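Data block below; observations after.
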Amino acid sequence: MFGSRITGQKCYKILSHRGKPCKECLAVKTFQDGKIHEKEKTHTNIDGKKKIYWITSSVAGFNLEGERELAVLILRDITENKKMDESLIESENSLRLLNISLMEKVEERTKELKMSEEMYKKILNDLDVGFYKGEFKGKLLMHNSAVNTILGLDASISLIGSQSSQFFNGLNEQKRYYDELLENGYITNFKTQIKDSKGEIITVYFNSHLIRDHEGNPKEVEGTVVKFVKEP
């Protein structure tokens, strides 16, 4: 690394290409206190390339008076490790910046979706007809205020989570509704009777379509409902 004719020469000339000793010489410290000293240093090898070393200095021998006479310095090339560390730090910084950017985008997108959802709800509530979405033969997932009006309920009351079966006037009407959905995938102007909030029977028209999952099983139903009003 540093040439073949280095025996007897000063280490600071060979390793650091300096004309005088290093200010913080590990060997000097070892001679002074007899302890092991370690430090990261950059040295230039024989072909002019700079390498990063982890240097360890320790006592290697004593003279007859018991004084420290020899020190051994072990140099470990950690250049590639340092590059990897720096690369990891850069990667971490890049990931941190990317994460911040993604969080900002997610936050922005969440705001957009919230605005879109509020706009969507407003559009639904402005409809003159009832809109609903629910599980297939299950719970109600969504509805607009027109559904409340049809059922004689205050607009502030939520029916989400209610079983859809409770609104049908009898099991036969419920079966007829779902059978036609399964057969065609949709129903048009399906005239049936349901119960309002007071338990009274009212006639309505359903226009609905069936939503299936990725395996083709019935999953949800959504559509509109209109109250039938007799002409005077």
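Cβ-Cβ distance below 9 Å, separation of 6 or more or different chains: which pairs start in segment 56-71 with a residue that is more than 9 Å from A27 (Cα to Cα) and of a type in the set (F, W, Y) and end on one that is modelled with pLDDT of 85 or more and part of a strand (DSSP E or B)?
F62/R68; F62/E69; F62/L70
Just give me the residues in segment 50-77 being assigned to a loop (DSSP other than H, G, I, E, B) and either buried (at least 16 other Cβ atoms within 10 Å of the Cβ) or among the acidic types (D, E) (or both), in sequence order.
Initial filter on segment 50-77 (assigned to a loop (DSSP other than H, G, I, E, B)): 63-67.
E65, E67 - these are the residues of segment 50-77 that are assigned to a loop (DSSP other than H, G, I, E, B) and either buried (at least 16 other Cβ atoms within 10 Å of the Cβ) or among the acidic types (D, E) (or both).
Picking from L88, L75, which residue would you name as being touching a His at 6+ places or on another chain (Cβ under 8 Å), within 30 Å of K39 (Cα to Cα) and not assigned by TED's automatic domain parsing to the domain that holds F206? So that I can check it myself, show each step before the final result.
Values: L88 fails: touching a His at 6+ places or on another chain (Cβ under 8 Å).
Unique residue meeting the criteria: L75.
Would you be able to say whether some residue in segment 130-142 is out of contact with any helix residue (DSSP H, G or I) (no Cβ under 7 Å at 6 or more places or on another chain), over 24 Å from R212 (Cβ atoms) and in the same structural domain as V221 (by TED's automatic domain parsing)?
No, because not a single residue in segment 130-142 is out of contact with any helix residue (DSSP H, G or I) (no Cβ under 7 Å at 6 or more places or on another chain), over 24 Å from R212 (Cβ atoms) and in the same structural domain as V221 (by TED's automatic domain parsing).
Please determine whether any residue of segment 26-38 is among the aromatic types (F, W, Y) and assigned to a strand (DSSP E or B). Show your work before the answer.
Here is the first cut: in segment 26-38, the ones among the aromatic types (F, W, Y) are 31.
Adding the requirement that they be assigned to a strand (DSSP E or B) leaves none.
No, the conditions are met nowhere in segment 26-38.
Would you mention how many residues in segment 173-205 are of a type in the set (A, V, I, L, M, F, W, C), surrounded by 16 or more Cβ atoms within 10 Å (Cβ to Cβ) and either under 21 Å from D154 (Cα atoms) or in contact with a Pro (Cβ under 9 Å, 6 or more places away or on another chain) (or both)? Working first, answer last.
Filtering segment 173-205 for residues of a type in the set (A, V, I, L, M, F, W, C) gives 181-182, 187, 190, 194, 201-202, 204.
So of that shortlist, the ones also surrounded by 16 or more Cβ atoms within 10 Å (Cβ to Cβ) come out as 181, 187, 190, 194, 202, 204.
Cutting the leftovers down to either under 21 Å from D154 (Cα atoms) or in contact with a Pro (Cβ under 9 Å, 6 or more places away or on another chain) (or both) gives us 181, 194, 202, 204.
Final tally of qualifying residues: 4.
Could we say that K105 is in a helix (DSSP H, G or I) and closer than 24 Å to C11 by Cα here?
no
Tell me the residue from K219, K198, K133, K191 that is among the basic types (K, R) and not in a strand (DSSP E or B), please. Break it down stepwise before answering.
Working: K219 fails: not in a strand (DSSP E or B); K133 fails: not in a strand (DSSP E or B); K191 fails: not in a strand (DSSP E or B).
That would be K198, the only listed residue that is among the basic types (K, R) and not in a strand (DSSP E or B).
Could you identify the single residue in Y186, Y177 that is assigned by TED's automatic domain parsing to the domain that holds L140, without any contact (Cβ under 8 Å) to a residue 40 or more places away in the chain and closer than 22 Å to D128 by Cβ? Step through it out loud before you land on a result.
Working: Y177 fails: closer than 22 Å to D128 by Cβ.
Every option except Y186 fails the conditions.
With (1) within 22 Å of E118 (Cα to Cα); (2) in contact (Cβ under 8 Å) with a residue 12 or more places away in the chain; (3) loosely packed, with under 15 Cβ neighbours inside 10 Å as the list, and L141 as the residue in question, which single condition is left unmet?
(3)
Identify the residue in segment 78-106 that is among the aliphatic types (A, V, I, L, M) and more than 24 Å from the chain's Cα centre (by Cα) and, among all such residues, is surrounded by the most Cβ atoms within 10 Å (Cβ to Cβ). Walk me through how you get there before you give the answer.
Taking segment 78-106 as the starting set, the residues that turn out to be among the aliphatic types (A, V, I, L, M) are 78, 84, 88-89, 95, 97-98, 100, 102-103, 106.
Imposing the further condition that a residue be more than 24 Å from the chain's Cα centre (by Cα) reduces the set to 78, 84.
Numbers: I78: 15, M84: 11.
Only one residue fits best here, namely I78.
Between L88, L26, L97, L102, which is touching a strand residue (DSSP E or B) at 6+ places or on another chain (Cβ under 7 Å) and aliphatic (A, V, I, L, M)?
Numbers: L88 fails: touching a strand residue (DSSP E or B) at 6+ places or on another chain (Cβ under 7 Å); L97 fails: touching a strand residue (DSSP E or B) at 6+ places or on another chain (Cβ under 7 Å); L102 fails: touching a strand residue (DSSP E or B) at 6+ places or on another chain (Cβ under 7 Å).
Residue meeting the stated conditions: L26.
Determine if segment 114-125 includes at least one residue that is outside any loop (DSSP other than H, G, I, E, B), surrounded by 14 or more Cβ atoms within 10 Å (Cβ to Cβ) and at pLDDT below 90.
Step one: of segment 114-125, the residues outside any loop (DSSP other than H, G, I, E, B) are 114-125.
Checking the rest, the ones that are also surrounded by 14 or more Cβ atoms within 10 Å (Cβ to Cβ) come to 124-125.
Okay, now just the ones that are also at pLDDT below 90, so 124-125.
Among the residues of segment 114-125, at least one is outside any loop (DSSP other than H, G, I, E, B), surrounded by 14 or more Cβ atoms within 10 Å (Cβ to Cβ) and at pLDDT below 90, which makes the answer yes.
The values are calculated or read from the model by the stated rules, or taken from the named source; none is laboratory data. Predicted model only: the values in this text are computed from it and were never measured. As a convention, Cβ positions derive from the backbone with ideal geometry for all residues, glycine included, and neighbour counts pool all protein chains shown.
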